[in-house]
Amino acid sequence: MFRSLLDIIFPPLCHLCRVYIPNAGDVHLCTSCLEQLHPVASPLCPICGVPFATEDGIDHRCGACSVRRPAYVAARAAFVFDGPIQELIHRFKYAHKTHLSRPLALMTARHLADFAGQTAADIVIPVPLHKKRLRWRSYNQAILLAAVLSKEWRIPLSRNALQRTRWTEPQINLAADERQQNVKGAFAVAEPERVADRRIILIDDVFTTGSTVEECAKTLKKAGAAEIFIITVARALSN
Ligand SMILES: [Zn+2]
Ligand SMILES: [Zn+2]
């Protein structure tokens, strides 16, 4: 009764195309928008999580992970960073649509529930923003996502264990090797007792080259963390 009254005052509309959706559930995306999402699927690299272009075959290490293991154990993304997901993340991150953290995180929580369970993580940590960027944007998108994910997976959240101590240029305009250099030494562990010997899931919105999460993982390992896993909503593909 209360629900149907609410639906009259605030009719549930699709976050993307604004079409009315009866029985919207908690994600609020219509069937046609949902069908345009591309979940990341096997075959993929079991380490960095990059999906391979072929639809057949089994998971195997990608070229980069065969040459050098990252500091984290494994990374997974729920969706390929294109189409509606790219649009949603863009609005969430740059247009102050903070309520979009919920559908994005809920879909990620469901797609990656098995992976999150297998990590046996003790704690969820968001990739931090520098306080200067936090002032501009007024929120850290990774914290908003991590808060929902932590609740869904029932893994405690630590907002402040990891800090961004050095200002860095936005990664968006940089090539892969420049990105790595750009974030070098940019993070520090503020609460070492919260990360020592812990299994950690690090949360970010998009995995692009992986240099930001790799630098975070290195910093956490140096502070004594046991194992780091990466979970992002989306994964950018270079082709
Ligand atoms: Zn729609
Ligand atoms: Zn890989």
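Please find the FRET efficiency linking LYS132 to GLU87, where r is the Cβ-Cβ separation and R0 is fixed at 35 Å, and quote it to the nearest 0.05.
0.85
Let me make sure I get this right: for the stretch 79-201, a, b and c are the square roots of the gyration tensor eigenvalues over alpha carbons, sorted descending. Under 1.5 in a/c it's rounded, otherwise prolate if a/b > b/c, else oblate. Which is it?
Judged from the Cα gyration tensor, the stretch 79-201 comes out oblate (a/c at least 1.5, b/c at or above a/b).
Let me see the pair-distance distribution of the stretch 64-105: every alpha carbon pair, 10 Å bin width, integer percents in order.
P(r) over the stretch 64-105, rounded to whole percents: 23, 37, 24, 16, 0.
Note down the net charge around THR219, summing +1 for each Lys or Arg and -1 for each Asp or Glu among other residues with Cβ under 13 Å from its Cβ.
Local net charge: +3.
Determine, for each peptide in 58-69, 187-198, the mean count of other beta carbons within 10 angstrom over its residues, then list the peptides with the highest first.
Ranked from most to least packed, the peptides come out as 187-198, 58-69.
What are the residues whose amide H is under 5 Å from the amide H of LEU16, where those residues sit 5 or more places off or on another chain and H is modelled from the backbone?
CYS30
Using only Cα atoms and rounding to the nearest 10 degrees, what angle (0 to 90) does helix 141-153 make with the longest principal axis of the chain?
80 degrees
Run the simple label-point estimate for LYS97 and GLN181 please: 7 Å along Cα→C-beta, distance reported in nm.
In this crude spin-label approximation the distance works out to 3.6 nm.
In bins 10 Å wide, starting from 0, what share of all Cα pairs of the chain does each bin hold, as a percent?
Calculated over all Cα pairs of the chain, the distribution is 7, 31, 36, 19, 6, 1 percent.
Between LEU13 and SER42, what length in nm is gained on full extension when 0.36 nm per residue of separation is reduced by their alpha carbon distance?
7.2 nm
What distance in nm lies between label points placed 7 Å from Cα along the C-beta direction at ASP114 and ALA24?
Going from the ASP114 label point to the ALA24 one covers 3.1 nm.
Considering only DSSP beta bridges where both residues belong to the chain, give the percentage that are antiparallel (nearest 5).
25 percent
Read-outs: derived from the displayed coordinates by stated rules, not from any lab. Small disclaimer: the values here were computed from a predicted structure and weren't measured. With ideal geometry, Cβ positions are generated from the backbone for all residues, glycine too; neighbour counts draw on all protein chains shown.
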